Amino acid sequence: AKLVISARRADRLGTLARELDPSGARVLAVAGDITVEADRLQLVAAAREKFGRIDALVNNAGYGTRGPVELVPVELIRRNFETNLFSLIALTQRVIPVMRAQPARGRIVNIGSVAGRISRPLSSVYDSTKHALEAITDGLRGELKPFGLEVVLIRPGLIATEFVESADHASEAVMADTGPYAPYFKNYHRGF
C-alpha cells in the first residue's frame, strides 16, 4: 500500500514513516493538526500530489475527556467533539469529491470505539463523541453507496496506548476537584 500518515508530532511521525518505508517512496508523512482547516487541505493536496489519488481515508484522530458531565467545562466538551467528530467530518468532506471522481472509487474507515455503544460513568464526553461518530457513519454509508463509496466503522475496545495518560492530561483540571464525585474517581483506573 501507499500510505499518507498525519499527526501533530512531526518527529514521531517521521520516525514511523521511516520504519514503514525507509526509501520514502511508498509512505508520505504530513505533520498537521486535524482540527485546523489549512492542515486538512494540505493533507489532501499532499496525498494527491504524491500518489495522484486517494483510495481510502482512515479517520483515527481522537482523545478522551474524563469527568462527570456536571463538572466538565463546556469548552472542554466542545474541544473533544472538535477533534473526535467535527474534524473527521471536515476531512471526509474534502476527500469524498476526490474519491467520487476516481474510476475505482474508495472507502472511508472511521475508527470508533466500543464506547460508542456502551457509555460509562465519568467518560460521558468521550463516549458521546463516539456515539455521534457512529450516527454520522451510518448515515454517510447510505448517502455514499449510490456512488460506489464504502463507509466502514471499526469499534475497538481498550488498546494499550497512550490514550489513558492523554485522557488524564486533558482532564487534569476536572480531576483535581471532583467534589461529590471523588469516591468514583478513586477507583476509576482499576482495570486499565
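The values are calculated or read from the model by the stated rules, or taken from the named source; none is laboratory data. Everything numeric here is computed off the predicted structure, so don't read it as measured data. Every residue, glycine as well, gets a Cβ built from its backbone with ideal geometry; the counts of neighbours run over all protein chains shown. Areas reflect the complete protein model, heavy atoms only, side chains present, ligands, DNA and RNA absent. Shrake-Rupley method; radii C 1.70, N 1.55, O 1.52, S 1.80 Å.
Name the single residue that is surrounded by the most Cβ atoms within 10 Å (Cβ to Cβ) among those in segment 44-59 being closer than 11 Å to L3 by Cα and not basic (K, R).
L57
Looking for whichever is among the hydroxyl-bearing types (S, T, Y) and over 24 Å from L28 (Cα atoms) here; the options are T83, T137, T92. Which one fits?
T137
Restricting to segment 67-96, give me the number of residues that are among the β-branched types (V, I, T), crowded, with 18+ Cβ neighbours inside 10 Å and under 30 Å from T178 (Cα atoms).
Number satisfying all stated conditions: 3.
Restricting to segment 90-110, give me the number of residues that are out of contact with any Leu (no Cβ under 8 Å at 6 or more places or on another chain) and closer than 19 Å to V4 by Cβ.
Final tally of qualifying residues: 7.
Return yes when G62 is in contact with a strand residue (DSSP E or B) (Cβ under 8 Å, 6 or more places away or on another chain), open to solvent by less than 60 Å² (accessible area, probe 1.4 Å) and in a loop (DSSP other than H, G, I, E, B) and no when it is not.
Considered against the rule, which asks whether it is in contact with a strand residue (DSSP E or B) (Cβ under 8 Å, 6 or more places away or on another chain), open to solvent by less than 60 Å² (accessible area, probe 1.4 Å) and in a loop (DSSP other than H, G, I, E, B), G62 comes out as yes.
How about segment 97-135: which of its residues are surrounded by 19 or more Cβ atoms within 10 Å (Cβ to Cβ), of a type in the set (A, V, I, L, M, F, W, C) and assigned to a helix (DSSP H, G or I)?
Scanning segment 97-135 gives M99, A115, V125, L133.
Just checking, does segment 42-62 include any residue being within 20 Å of the chain's Cα centre (by Cα) and acidic (D, E)?
Yes, there is a match, as at least one residue in segment 42-62 is within 20 Å of the chain's Cα centre (by Cα) and acidic (D, E).
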